[in-house]
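A short write-up of the structure that comes next.
The values are calculated or read from the model by the stated rules, or taken from the named source; none is laboratory data. Predicted, not measured: the structure shown is a model, and the values here were computed from it. Quick reminder, even Gly has a Cβ in these numbers, built from the backbone with ideal geometry, and neighbours come from all protein chains shown. When the accessible area is computed, the model is the full protein with side chains, heavy atoms only, and any ligands, DNA or RNA have been set aside. Shrake-Rupley method; radii C 1.70, N 1.55, O 1.52, S 1.80 Å.
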Amino acid sequence: MRQQRTKQKASQKAKQADAELGQDSTDNPEADSTDSFENRKNILWVILAAGMAITVMTSQFMPGVVALGSLTSVYSAMLWVGIFGAALARYLNKNGWLGFAIGSVLGVLLNILASII
């Protein structure tokens with residue numbers, strides 16, 4: 001009797017642990033689609049933001065693109081370098097707003113440097 005109850009309790013605990021740990025994608029299909037936004041350790045956002053920040057900052061140092069002025073404005077530099085700073089800060093488990101502020105300041109300084117050079 002005692003052994004049967006012990007086995008039943010162990011199997012119930014195992015089922016509860018499986019239910020807590022493993023919510024399969026078949027159980028909740030929306031969990032996978034929103035997980036990438038909530039996961040702070042998702043490197044994809046850092047890579048995408050870095051690519052856009054590099055594109056904007058590179059265009060500021062190119063003489064032909066500067067004449068257009070739309071992509072090379074100080075606002076675009078602040079925005080994209082700030083978004084990169086926020087994504088990087090969140091990836092490193094820091095405050096995203098502080099990362100955005102530091103990135104925005106760095107974007108403005110790079111914009112000023114591009115106009116001097």
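Just a few scattered comments:
- Any hit, segment 27-40, residues being aliphatic (A, V, I, L, M) and either at pLDDT 80 or above or in contact with a Cys (Cβ under 9 Å, 6 or more places away or on another chain) (or both): no
- Residue within segment 61-83 that is modelled with pLDDT of 90 or more and open to solvent by 90 Å² or more (accessible area, probe 1.4 Å) present: no
- Residues (in contact (Cβ under 8 Å) with a residue 40 or more places away in the chain and under 19 Å from Thr58 (Cβ atoms)) located in segment 70-102: Thr72, Ala87, Leu88
- Among residues that are modelled with pLDDT of 75 or more, farther than 30 Å from Leu79 by Cβ and not small (Gly, Ala, Ser), Gln3 is included.
- Each residue in segment 70-84 was checked for being part of a helix (DSSP H, G or I) and either of a type in the set (D, E, K, R) or farther than 14 Å from Leu44 by Cα (or both), and 9 pass.
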